[in-house]
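Reviewing the structure listed below.
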Amino acid sequence: MSFNPEFARLGEILVHERFVTEDQVKEALIKQSNFGLKIGETLIKLGHLEESQLLAALKMQLPYDIVNDSELVDLDVNVVSMIPEPFAVENHVIALRNEPDGVVIATTDPENLTVIDSLKKLLGKNVKPLLIGDTALRDTIEKYYKSIRTTTEVESAVGGFDFVAVDDEENEITIAAASGDADAPIVKLVNLIINEAIKANATDIHIEPLIKNTRVRFRVDGALREVMTPPIGMHAGVISLIKVMSKLNIAERRLPQDGHIALKTSLKSVDVRVSITPTVLGEKVVMRLLDKGEFGFKLSTLGFEPEDMMIFNKIIRRPYGIIIVSGPTGSGKSTSLHAALKEIEDPETNIITVEDPVEYRLEGITQIETKEQIGLTFGSALRSVLRQDPDIVLIGEIRDEETADIAIKFSLTGHLVFSTLHANDAPATVTRLIDIGIKPYLVGSSLSLVMAQRLMRKICKHCKTDYKPTEDEIRDAGITPEDASKITFKHGTGCVHCDNTGYSGRTGIFELLTVDPAIRKIIYDGGNQDLIRESALRSGMRTLHDAAIVKMKQGLTSIREVIKLTVID
C-alpha cells in the first residue's frame, strides 16, 4: 500500500521522509505537553528537526504553498499594518499582499480557522494563507512592525517641531523646552535613536547633517546602515541636546568636543562615548555604545582555529612576558583580551586592569578607569598598580613611550602583561614598539606573543547559497584559478533575518606571531618587519589573509569579505 501524506499524521510523514526517527517522535510526544508546543515545534526544540524540514512535511500534508524568503525582503508597510501588531504577534500571522480577491497572509498554522475567520472580519476581505516557519515569521514581524513604530514616532516628533531660522552669528541655541520637557519632539527623537540602536545591537550611532536632512546611521556587525532621515531643521536641536547630556559646551560649534553619557534603559545599562566634530554642513556626532553588563564572550566562541587556540591558550598561562593584540578600532582587540583574562582568572591570581574606558565588567578582576581631567592617567594609574601586588596586568592601550616603558618593566619583574596597539599586522606591531622609543633588546627580551586580528562578517545562515565569483574577485582575493576550482564559494542573497545584507554576526581572524629565539635575534639586531615576517612564516605563522581564506573555505564568510578586509602578502 502506497504512502499518502494527505491522510497521515505529521509524525508519520517526518519518519517516512527520514527527517527524524520513530524513537525521536516518541520522545517528542512524551515531552510535548511539558513544552506546551505542537509535535513539530517540540522536535525542533529537542534539536532533532530543522525548521525547513518541518515546512516541507507540512506542505505534503496540507494544501498550502510555502512563503519564499525573497517575498519577505521588501513588504509594503501599509499592507503589513492592516493587521494590528498585537494580533499579529499573538496569532503568528503577517499580511504579505493585498490582492483584488483577498489578502495574502503568512502564518505558521493555516488550519487555525478561528484566526482565519477573525482576520476576515478584521480586514473585511477574503484571506489566502501561506505557510511560513516560526523563525522567519518572528523576524519578519519584528522587522516590519519596528519600522512602522519608528516611522510613526519620527513623524510624531517631526510633526510637533517648530522650525525656527537661526542666524549664522548666533552662538547659543536655546533648548530649554527640549531638555526640560520629556514630550518635546527633539527629546523624543534622541530617545528613539538611542533606544533603537540598543535594540539593534549597534556599536556606533552616526548623526550627520546633509543638505536637506539629517542622516542617522547605526553600525551593526561592522557595517553602517541608514535607519532614519529627520529634517535638517531638527539637527541643531539634536546636537545641542546631546551636548547637554554629555556636559559639553553648548555654545562651541567651531571645535571638536568629546564627552560621555551614562544611560540606563529598560534593556541594559550603556556607557556612551560622544565625539562631536564640525563639518562644512554643521556638526556631526558619533556615539560609541559600550555595554556595561556582564561580559558574555569566551575564547572558544571568538573564531580561533584549533592550532591557534592551542598557541594562545599556552602563552596566556605563562608567568611573565608581554602579550599584545593589534588591529584598528573596532577589530575586537578588547574582547579577545577580556576573554583571555576570564579564561585564566582564579582566586589565587591578582589581576588588575587599567582602561580608558572600562568596556566590560569582569567578575573577580580589579578594573581601574583612567580620568585624565583629574590627573588619573595611564602612567599614574600603572605606577599605583605596581604597589597593589599584581600577578597579571592589562593595559588598555600602549599609546606612548611612558606606557610602553611601564609595560616592559612589569614583564621584566615577573608579571604577565596584556595590552593593545594600533598596527596593521603582527610583524608591524613589533617595529611599532621600537618606533615608540623602546630599545630593541628590551622589546626582544619581554615580548612573548603578538596577535593581529580583524572581525569578518559571517554569511547569514538563512539565505546562504552557492556563489560563482568573477575572475577579478578570484585575482583580488589572491587565489589561483586552480585553487578556486576546488572551493565551494558561498554568499548571502539577503533576507528578512539579516535585514537584506546577506550577513549576520561576525567571527575573528587571527595572525599569531610567537617570539621565538630566531625572531628575538632579528629584533636584537634591529631587523625590519619584513625579516620578522619571513622568519615567522617559516615557523608556521598563518597570516590574516590566510586566516580569512580558511573561513571562506569553511563557508563562514564570502570572497568579498576576504577582499575587503585583508591584503595579499
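Before we move on, is residue 553 free of Cβ contacts under 8 Å to residues at least 60 places away in the same chain, surrounded by fewer than 17 Cβ atoms within 10 Å (Cβ to Cβ) and not acidic (Asp, Glu)? When the stated conditions are applied, residue 553 does not pass them.
Applying the selection to the stretch 371-397, what residues are in a strand (DSSP E or B) and either in contact with a strand residue (DSSP E or B) (Cβ under 7 Å, 6 or more places away or on another chain) or exposed (fewer than 14 other Cβ atoms within 10 Å of the Cβ) (or both)?
Quick first cut of the stretch 371-397, residues in a strand (DSSP E or B) only: 371, 376, 392-395.
Selection gives 371, 392, 393, 394, 395.
When 282, 237, 233, 259 are screened for being more than 19 Å from residue 196 (Cα to Cα), of a type outside the set (S, T, N, Q) and touching a Leu at 6+ places or on another chain (Cβ under 7 Å), only 259 passes. Take the conditions (1) surrounded by fewer than 14 Cβ atoms within 10 Å (Cβ to Cβ); (2) in contact with a His (Cβ under 9 Å, 6 or more places away or on another chain); residue 497 misses just one of them, which is (1). When every residue of the stretch 474-489 is checked against the conditions, none turns out to be in contact (Cβ under 8 Å) with a residue 12 or more places away in the chain, touching a Gly at 6+ places or on another chain (Cβ under 8 Å), over 26 Å from residue 302 (Cβ atoms) and among the hydrophobic types (A, V, I, L, M, F, W, C).
Matching residues to (1) part of a loop (DSSP other than H, G, I, E, B); (2) loosely packed, with under 13 Cβ neighbours inside 10 Å; (3) at pLDDT 75 or above; (4) hydroxyl-bearing (Ser, Thr, Tyr):
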position	(1), (2), (3), (4)
145	no, no, yes, yes
151	no, no, no, yes
156	no, no, no, yes
165	yes, yes, no, no
187	no, no, yes, no
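Pull up the stretch 469-494, narrow it to residues that are of a type in the set (D, E, K, R) and within 17 Å of residue 556 (Cα to Cα), then point me to the one that is most open to solvent (accessible area, probe 1.4 Å). Filtering the stretch 469-494 for residues that are of a type in the set (D, E, K, R) and within 17 Å of residue 556 (Cα to Cα), the one most open to solvent (accessible area, probe 1.4 Å) comes out as 486.
Of the residues 238, 244, which is open to solvent by 60 Å² or more (accessible area, probe 1.4 Å) and assigned to a helix (DSSP H, G or I)?
Numbers: 238 fails: open to solvent by 60 Å² or more (accessible area, probe 1.4 Å).
Only one candidate qualifies: 244.
Considering every residue within the stretch 461-482, establish whether at least one is part of a strand (DSSP E or B) and within 21 Å of residue 509 (Cβ to Cβ).
Filtering the stretch 461-482 down to residues part of a strand (DSSP E or B) leaves 464-466.
Still in the list and also within 21 Å of residue 509 (Cβ to Cβ): 464.
Yes, that holds for at least one residue.
Only a single criterion out of (1) over 30 Å from residue 215 (Cβ atoms); (2) modelled with pLDDT under 85 is not satisfied by residue 130, namely (2). Applying the set (1) of a type in the set (Asp, Glu); (2) outside any loop (DSSP other than H, G, I, E, B); (3) out of contact with any strand residue (DSSP E or B) (no Cβ under 7 Å at 6 or more places or on another chain) to residue 208 leaves exactly one unmet item: (3). Of everything in the stretch 406-432, what is open to solvent by 10 Å² or more (accessible area, probe 1.4 Å), closer than 16 Å to residue 321 by Cβ and assigned to a helix (DSSP H, G or I)? Give them in sequence order. 406, 409, 412 - these are the residues of the stretch 406-432 that are open to solvent by 10 Å² or more (accessible area, probe 1.4 Å), closer than 16 Å to residue 321 by Cβ and assigned to a helix (DSSP H, G or I).
State all residues of the stretch 445-468 that are closer than 20 Å to residue 318 by Cα and surrounded by fewer than 20 Cβ atoms within 10 Å (Cβ to Cβ); if no residue qualifies, say none.
Narrowing the stretch 445-468 to residues closer than 20 Å to residue 318 by Cα: 445-452.
Across the stretch 445-468, the qualifying residues are 445, 448.
Out of 421, 376, report the one residue that is touching a residue at least 40 places away in the same chain (Cβ under 8 Å) and out of contact with any Cys (no Cβ under 9 Å at 6 or more places or on another chain).
Matching residue, one of 421, 376: 421.
Yes/no matrix, rows are residues, columns are (1) under 14 Å from residue 137 (Cβ atoms); (2) open to solvent by 20 Å² or more (accessible area, probe 1.4 Å); (3) out of contact with any Asp or Glu (no Cβ under 9 Å at 6 or more places or on another chain):
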site: 43; (1), (2), (3): no, no, no
site: 50; (1), (2), (3): no, yes, yes
site: 56; (1), (2), (3): no, yes, no
site: 59; (1), (2), (3): no, yes, no
site: 62; (1), (2), (3): no, yes, no
site: 76; (1), (2), (3): no, yes, yes
site: 91; (1), (2), (3): yes, yes, no
site: 94; (1), (2), (3): yes, no, yes
site: 100; (1), (2), (3): no, yes, yes
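Meeting the requirement of 3 or more residues that are open to solvent by less than 70 Å² (accessible area, probe 1.4 Å), more than 20 Å from residue 508 (Cβ to Cβ) and touching a helix residue (DSSP H, G or I) at 6+ places or on another chain (Cβ under 8 Å), the strands (runs of 3 or more DSSP E) wholly within the stretch 262-370 are 269-279, 282-291, 351-355.
Annotation note: of 535, 504, the sole residue that is in contact with a His (Cβ under 8 Å, 6 or more places away or on another chain) and either on the phi < 0 side of the Ramachandran plot or in a strand (DSSP E or B) (or both) is 504.
The values are calculated or read from the model by the stated rules, or taken from the named source; none is laboratory data. Keep in mind that what you see is a predicted model, and the values were worked out from it rather than measured. Positions of Cβ are generated from backbone atoms using ideal geometry, with glycine treated the same way; all protein chains shown enter the neighbour counts. What goes into the accessible areas is simple: the full protein's heavy atoms, side chains included, and nothing from ligands, DNA or RNA. Shrake-Rupley method; radii C 1.70, N 1.55, O 1.52, S 1.80 Å.
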